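The values are calculated or read from the model by the stated rules, or taken from the named source; none is laboratory data. Worth saying up front: this structure is predicted, and the values here are computed from it rather than measured. Here Cβ is always computed from backbone atoms with ideal geometry, including for glycine, and neighbour counts include all displayed protein chains.
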Amino acid sequence: MHRQYDAISSALPPLPTSSRAERMQVVVDLLWTHLASRGVSWVGFYLDRPDEPEETRLILGPSRDAPACSPIGLHGVCGQALVRKRTRIVRDVAELGPNYIACDPRDRSEIVIPLIDETETAWAVLDLDSREIGAFSESDDLALRGVLARAGLLPQRDVVSK
């Protein structure tokens, strides 16, 4: 499904003095506004709490539109993306078995992008879900990383293809 990521990036207001939390909220709101009608059923951030046990290390940050699980552990897709510092694209969540944390049983695919700062520390993940199998691709990954970089949540160097 074609998604208008350029329109999302263009709609981002200047954010140089806003806090990380405010920038995350703006990104979530824009992604939801532009993508809810384009196959996305949920969008949100999970924030890392490195001093917490692995089972409860990620806590829900800004999100839309339904409630979500929180806290969650590192064994799921969000935790794997955070620890590996690599995007995870899951074509069909049914193939994940016990490593899938099902907040909404209707969701069938997802993309999770780690947010890594200038010191190479992964501090959060952006998670998008869909009720369609195979809803996300590497082009979504690249475009979403572009949005995150433009919002000041990801260094510009992380926007190149991986």
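Just a few scattered comments:
- Residues (charged (D, E, K, R), surrounded by fewer than 18 Cβ atoms within 10 Å (Cβ to Cβ) and assigned to a loop (DSSP other than H, G, I, E, B)) located in segment 63-114: 65, 85, 86, 91, 92, 104, 106
- Beta carbons closer than 8 Å, at least 6 apart along the sequence or on distinct chains, pair a first residue in segment 97-123 that is closer than 20 Å to residue 143 by Cα with a second that is of a type in the set (Phe, Trp, Tyr) for 109/136; 110/136; 111/136; 115/45; 115/123; 116/123; 117/123.
- Scope segment 1-21; condition over 25 Å from residue 109 (Cα atoms), exposed (fewer than 13 other Cβ atoms within 10 Å of the Cβ) and more than 15 Å from the chain's Cα centre (by Cα); matching residues: 10, 13, 14, 16, 17, 19
- Selection over segment 43-62 of residues that are surrounded by fewer than 16 Cβ atoms within 10 Å (Cβ to Cβ) and either in contact with a helix residue (DSSP H, G or I) (Cβ under 6 Å, 6 or more places away or on another chain) or touching a residue at least 40 places away in the same chain (Cβ under 8 Å) (or both) gives a count of 0.
- Qualifying residue in segment 83-94 (condition: in contact with a helix residue (DSSP H, G or I) (Cβ under 6 Å, 6 or more places away or on another chain) and over 22 Å from residue 146 (Cβ atoms)): no
- The set of residues from segment 125-139 being over 14 Å from residue 68 (Cβ atoms) and either assigned to a strand (DSSP E or B) or aromatic (Phe, Trp, Tyr) (or both) comprises 130, 136.
- Top-ranked residue of segment 127-142 - restricted to ones that are touching a Lys or Arg at 6+ places or on another chain (Cβ under 9 Å) and buried (at least 18 other Cβ atoms within 10 Å of the Cβ), ranked as nearest to residue 42 (Cα to Cα): 129
- From the list 29, 104, the lone residue that is at pLDDT below 90, at negative phi and out of contact with any helix residue (DSSP H, G or I) (no Cβ under 6 Å at 6 or more places or on another chain) is 104.
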